[in-house]
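The values are calculated or read from the model by the stated rules, or taken from the named source; none is laboratory data. Note that this is a predicted model, so its numbers are computed, not measured. In this analysis, Cβ positions are derived from the backbone assuming ideal geometry, glycine residues included, and neighbour counts consider all displayed protein chains.
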Amino acid sequence: MNDPTLHPVVVRFIENNDLETVAGAFAFTGGEHLVKPRLGRRSRTRLRVHDSENRCWEMYLKRYESPSLPARLVRRITGRRNDCEAGREFEAARRLREAGVPVMRPIVWGAETGLLGVKRSYVIVAAVPGDALERVGEEFLQRHLKHPEVLEIFTDELIRIVHRMHEIGYVHRDFYASHIFLHDCEGNIRLYLIDLARAFRPRRRVFRWRVKDLAQLKYSMPWMWAKLYWRRFLEGYLTGLGGEDFARWDAVIDAKVRRMARHDQHQAEKESQRNAE
């Protein structure tokens, strides 16, 4: 942790709680533990610290327990024994911020390794302002339906972020509305990306990975936005790529969206059946 621009109160908090080390991060019992479905071997803890002016500095501590033995063996065989979610998220956040993509600020990370590679790891990132589009997108859209210029600004900002992320070679891989935060301060629209643990730079099948990002976005956004602004979004995105064929991209994305919908419907039916039993 050698970022001189970090606020001193943040630096002191991390140092005083031994959060610069893996052992300290996993021994830490403070903060607010966040319960979320399907976290598996992961945990999330909200950290808050106040400075002398009573400003709140909010961070998130993400801890990743040891991957399963088969997963560690695969990583070793494929030469990725030191690959881990925490390090990947920290590096992706750093590179994306440097490229002008608004993402959460990475603060510190660490990993503990063994014979088969990474055993456990952690990362601390700063919170971003606003709230997830999954929660506030519908209300935001309804509030501004009579002010299309605001929704156009919103859509154009979304275009800029996605295009820039893809332009520098990254894909998000979890690009749902739940991972895009909207900060709407009196019409001053700002968007931020979070949860970059799966983000990476594909060397092959780039088109496929980009389509997956865009399909996840379309599938999870309010249906009214997709109806009114999807064409503006995709055309703007493709203009940044040099004017790719809209019909081709739109068809492939929609096919992916339909597969996602079928999968979710199938999962919901299985869950309903289990509950009935």
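Filtering region 156-183 to residues that are among the β-branched types (Val, Ile, Thr), assigned to a helix (DSSP H, G or I) and touching a Pro at 6+ places or on another chain (Cβ under 9 Å) leaves only ILE161. The one condition from (1) touching a strand residue (DSSP E or B) at 6+ places or on another chain (Cβ under 9 Å); (2) of a type outside the set (Lys, Arg); (3) at pLDDT below 95 that TYR192 does not meet is (3). In region 191-211, the residue that is nearest to the chain's Cα centre (by Cα) out of those that are farther than 25 Å from TRP109 by Cβ and not in a loop (DSSP other than H, G, I, E, B) is ARG210. For region 252-277, residues that are surrounded by fewer than 11 Cβ atoms within 10 Å (Cβ to Cβ) and not hydroxyl-bearing (Ser, Thr, Tyr) total 14. Given the structure, is ALA261 in a helix (DSSP H, G or I), more than 17 Å from ARG160 (Cβ to Cβ), under 24 Å from the mean Cα position of the chain (by Cα) and assigned by TED's automatic domain parsing to the domain that holds VAL206? It is true that ALA261 is in a helix (DSSP H, G or I), more than 17 Å from ARG160 (Cβ to Cβ), under 24 Å from the mean Cα position of the chain (by Cα) and assigned by TED's automatic domain parsing to the domain that holds VAL206. Scan region 257-270 and tell me whether some residue there is closer than 26 Å to LEU151 by Cα, among the charged types (D, E, K, R) and modelled with pLDDT of 95 or more. Yes, the conditions are met somewhere in region 257-270. Residues in region 200-238 that are under 20 Å from TYR170 (Cβ atoms), surrounded by fewer than 17 Cβ atoms within 10 Å (Cβ to Cβ) and aliphatic (A, V, I, L, M): VAL206 alone. Kindly evaluate ALA197 against the criterion of being small (Gly, Ala, Ser), touching a strand residue (DSSP E or B) at 6+ places or on another chain (Cβ under 9 Å) and crowded, with 18+ Cβ neighbours inside 10 Å. So ALA197 fits the description; yes.
Check region 76-85 and report whether any residue there is crowded, with 19+ Cβ neighbours inside 10 Å and either farther than 23 Å from PHE181 by Cα or at pLDDT 95 or above (or both).
Narrowing region 76-85 to residues crowded, with 19+ Cβ neighbours inside 10 Å: 84-85.
Subset that is either farther than 23 Å from PHE181 by Cα or at pLDDT 95 or above (or both): 84.
Yes.
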